[in-house]
Amino acid sequence: MNRKNLTLFALVALLFIGTGFFQSWNSSLGILNMALISAIMALGVNLQWGYAGLFNVGVMGFVALGGLAVVLASAEPAPGAWNAGGMGIVLGLMLGALTIGGAILVWRGMSKGKARVLVLIGVLLAGFFAFRAVFDPAVTAIEAINPAVQGNIGGLGLPVLLAWPLGGLLAAAAAWAIGKTALGLRSDYLAIATLGIAEIVLAVMKNEDWLARGVKNVISLPRPVPYEVDLQQSPGFLAWAADWGMDPVTASSIVVKLCYAGLFGAVLVALVVLSELALKSPWGRMMRAIRDNEVAAEAMGKHVTRRHLQVFILGSAVIGVAGAMMTTLDSQLTPGTYTPLRFTFLIWVMVIVGGSGNNWGAVLGGFLIWWLWVMVEPIGLGLMSAVTAGMADGSWLKVHLQDSAAHMRLITMGLVLLLVLRFSPRGLIPEK
Amino acid sequence: MLNALVAFLNFVFVPGLAYGAQLALGALGVTLIYGILRFSNFAHGDTMAFGTMVTILATWGLQSLGISGGVLPTALIALPFGILVTALFVLGTDRLVYRFYRKQKAAPTILVIVSLGVMFVMNGLVRFIIGVEEQAFADGGRFLITAGDFKAWTGLKEGLAIRTTQGITVVTAVIVVVALFWFLGKTRTGKSMRAFSDNEDLALLSGINPERVVQVTWIIAAALATIAGVLYGLDKSFKAFTYFQLLLPIFAAAIVGGLGSPLGAIAGGFVIAFSEVTVTYAWKKVVTYLVPADMAPDGLLQLMSTDYKFAVSFAILIIVLLFMPTGLFKGKSV
């Protein structure tokens, strides 16, 4: 950290303080909470791209998996769901895994030729139909239980903070499976592959209602912090708010947001410290050596593929933790709202703008870009009002311009990314 | 038996053919950019959306002037205008954005990230100008053959309906592909493009102007993207977000065929389209005609629900990459 970087962080802090003074502390803290989460996602992408040069554009999938973990771990259990179809689901999934394992064994074990292809197709087909035969009735049974509010397998009712590391684990497991198949591919192929996997993860979450109710959403997930309503009814809190001269409703929502900010901030600090230690360790030097010259690193006896898999899993786990935190903050899982522009490419803008290869850069990018993403909308609206002020009221152009101001944010993000790439290609805080 | 064949044609073959043609045109654009400029253009889906948007606006303009294409959709008259504007826009982005990195000989991944920036801007522009709502802009005749007519002619129980848009898609795609291959194979510019794609240094030594090759490539890619986008929009409907999602099957098609190989892009388009349709189609109807009445299936016989069509493109992509790393037709790798 030198003076320039501290100034950059101070400037970004000023943005948030300014929002607090000129808009409201409530919205400023709201932006800050998502900015903290975004910074963690950016750290995860930076691990993969900045340390190792892995081009992962499937961030959205890992974010969604983190969210899924919250539902599976801490939602209320659904009575009867496990008895109705839990065994069928587990058995079905095991059959599916066995089929894939069997197919791999056939491919490796048999000698080349037509027989191998035929046996392989036979194993896959038989496995697929066996899977469907066991899996489908179980799904129907589970989805039939109280479909208006449940119809899914239900959670374990664990404390929600425990769901954060579980989100990381779930994302890591998925990353292992993906990495095993796709990491050998060239960079653009890996990009397309991860893009596709993220879409598939989302498709599964939208359509498999037994898992997390699909697009019917899971709402009112438990929270790690007190509820506003409870605070407003506690006499101690009311007295405290009166002491500060604040309206109890505003005070309660600010306190809740501050609690979240504390939790998220703690996770962020821990992850930054760990990432910095890793970067400065021999392991970090090895990763960068592999990134800069794979052939030379391999000649030095480094196992490139294995290291790539390792860092891919680590980065994805960090993204998964952030995804779980986001679902906790929203206290609901809404698979319909996940889009690649918002959850994959925006994170990439954060990493590139902040400075790839530098953890502080990724964090700064997370804060700055998220603030911009939220604030561009009101700024754009103001700009459009200024531009259209001279036009006649009700003219179609004026109406159109004002209605479309919300879409300014994508254009702004694109321009920011292009300008940074052009004039400061290593980002605001470049790698040392 | 004939009924089964007709049902197959109606629900699998004809939609698959039209969709495959649209994907093939999109994949051709991706593969050309990859061959000449040597990066995967993530903005291609949004280039399609941009071109389609311009064409839709022009269509509305023509319609308000009272001009229509009669039986054919008015959008076909507006298409050249859409191509022109898109080509100018794309040339503009090349001049403002990509040329700088080309001069620097930046790594392909940097160019991919740059194309992400262009993607954001184009996506935002499209949403800004035409909005996020669904726009249907097909007019003219709805069907070449309606199911009812077909039944009356043949006396079969099963009808075959071919929509005008499906017919137009296939005819246009054939014309475009023939024209493109003629251009690449016979004209001087086309030959220099292929030479540049095969070996850049050698092409430069033989006096080919690289900037000109790049410009022609962008123009062709813009034309292909606009045509593919308009055909897709006519066949289904226009929505900015779906065009962005088309990126996945289009890239899958280009990679399966072998990046950089135009022939491969076409083959890849049809491979992806037909597998998507066959895997997500409920085969009950076809099978019911084929087997004796008492063996008729109870279920839908659908291998996967339609929402998993991405999974299909993806699975094919992975299988081809694992077993034929350069695609069906030998593509290149940088």
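Under 13 Å of direct C-alpha separation, and excluding same-chain neighbours fewer than eight residues apart, A:K432 reaches these aspartates and glutamates: A:E276.
Tell me which lysines have Cα within less than 24 Å of B:K151's Cα, excluding those fewer than 8 residues away on the same chain? The qualifying lysines are B:K284, B:K285.
Amide H to amide H, with H built 1.01 Å from N, B:I145 comes under 5 Å of B:I162, counting only residues 5 or more places away or on other chains. Cross-link partners of B:K157 among aspartates and glutamates, defined as those whose alpha carbon lies under 14 angstrom from its own and excluding same-chain residues fewer than eight positions apart: B:D149.
For the range B:63-164, the set of trypsin sites (Lys or Arg not before Pro) satisfying both a DSSP loop assignment and a count of at most 13 other C-beta atoms within 10 Å is given as B:K105, B:R142, B:K157. Amide H contacts of B:A106: none lie under 5 Å away among residues 5 or more positions distant or on a separate chain (H built 1.01 Å from N in the peptide plane; Pro and chain starts excluded). Computed on the Cα atoms alone, the convex hull of chain A gives a volume of 203 cubic angstrom per residue. Helical runs assigned H by DSSP (4 residues or longer) give the protein assembly as shown a calculated mean residue ellipticity at 222 nm of -24000 deg cm²/dmol, each run adding -39500 (n - 2.57) before division by the residue total. Structure remark: mean-square fluctuation, Gaussian network model of chain A, C-alpha springs under 10 Å; the largest value among A:A133, A:A13, A:A84 belongs to A:A133.
From the alpha carbon centroid of the range B:255-312 to that of the range B:31-77 is 28 Å.
Among A:E298, A:E199, the order by Cβ neighbours within 10 angstrom, fewest to most, reads A:E298, A:E199. Length available on full extension from B:Q302 to B:I319: 0.36 nm per residue minus the Cα-Cα distance, which gives 4.0 nm. Here B:V287 and A:M94 are evaluated by their C-beta separation; at R0 = 30 Å the FRET efficiency comes out at 0.55.
Using a simple spin-label model with pseudo-atoms 7 Å out from Cα toward Cβ, B:K186 and B:L96 lie 3.8 nm apart. Largest mean-square fluctuation among A:S28, A:S220, A:S38, in a Gaussian network model of chain A whose springs join Cα atoms under 10 Å apart, belongs to A:S220. Across the range A:287-304, coupling constants 3J(HN,Hα) worked out from phi with the 6.51/-1.76/1.60 Karplus curve, θ = phi - 60°, read 4, 5, 5, 5, 4, 6, 7, 5, 5, 5, 5, 5, 5, 7, x, 7, 8, 4 Hz, and Gly and Pro carry x.
Applying the Karplus relation 6.51 cos²θ - 1.76 cosθ + 1.60 with θ = phi - 60° to the range A:112-117 yields 3J(HN,Hα) values of 4, x, 5, 4, 4, 4 Hz, where x marks Gly and Pro.
Once you have a ≥ b ≥ c as the square roots of the Cα gyration tensor eigenvalues for the range B:2-245, tell me rounded if a/c is under 1.5, and otherwise prolate or oblate according to whether a/b is larger than b/c. Prolate. According to the square roots a ≥ b ≥ c of the eigenvalues of the Cα gyration tensor, what is the shape class of the range B:1-71, taking rounded for a/c under 1.5, prolate for a/b larger than b/c otherwise, and oblate for the remainder? It is oblate, given that a/c is not under 1.5 and a/b is not larger than b/c. Ordered by the number of other Cβ atoms lying within 10 Å of each residue's own Cβ, fewest first, A:H303, A:H308, A:H400 fall into the sequence A:H303, A:H400, A:H308.
Across A:E76, A:E377, A:E208, mean-square fluctuation computed from a Gaussian network of chain A (C-alpha pairs under 10 Å connected) peaks at A:E377.
Taking each residue as 0.36 nm, the span from A:M391 to A:V229 lengthens on full extension beyond its C-alpha to C-alpha distance by 53.7 nm.
The simple spin-label model puts a point 7 Å past each Cα toward its Cβ; for B:K105 and A:A133 those points are separated by 6.1 nm. Rounded to the nearest 0.05, the FRET efficiency derived from the C-beta distance between A:A148 and B:N209 at R0 = 56 Å is 0.25. Cβ crowding within 10 Å, taken as a proxy for footprinting-reagent exposure, orders A:M408, B:M48, B:M53, A:M87 from fewest neighbours to most as A:M87, A:M408, B:M53, B:M48.
Distance between the pseudo-spin-label points of A:V215 and A:D292 (7 Å out from Cα toward the beta carbon): 4.9 nm.
Rounded to whole numbers, the Karplus 3J(HN,Hα) couplings from phi for the range A:258-269 are 5, 4, 4, 4, x, 4, 5, x, 4, 4, 4, 4 Hz, using 6.51 cos²θ - 1.76 cosθ + 1.60 with θ = phi - 60°, and x at Gly and Pro. Using the Cβ-Cβ distance between A:T305 and A:F22 with R0 = 56 Å, the FRET efficiency computed as 1/(1 + (r/R0)^6) comes to roughly 0.60. Let me know the shape class of the protein assembly as shown, please: from the alpha-carbon gyration tensor, a ≥ b ≥ c as square roots of the eigenvalues, rounded when a/c is under 1.5, otherwise prolate if a/b is greater than b/c, or oblate. Judged from the Cα gyration tensor, the protein assembly as shown comes out rounded (a/c under 1.5). Legend: mean number of C-beta atoms from other chains within 10 angstrom of residue C-beta atoms, peptide A:408-421, equals 6.
Read-outs: derived from the displayed coordinates by stated rules, not from any lab. As the structure is a computational prediction, the values presented were derived from the model and not from experiment. All Cβ positions, even for glycine, are placed from backbone atoms using ideal geometry, and neighbour counts span all protein chains on display.
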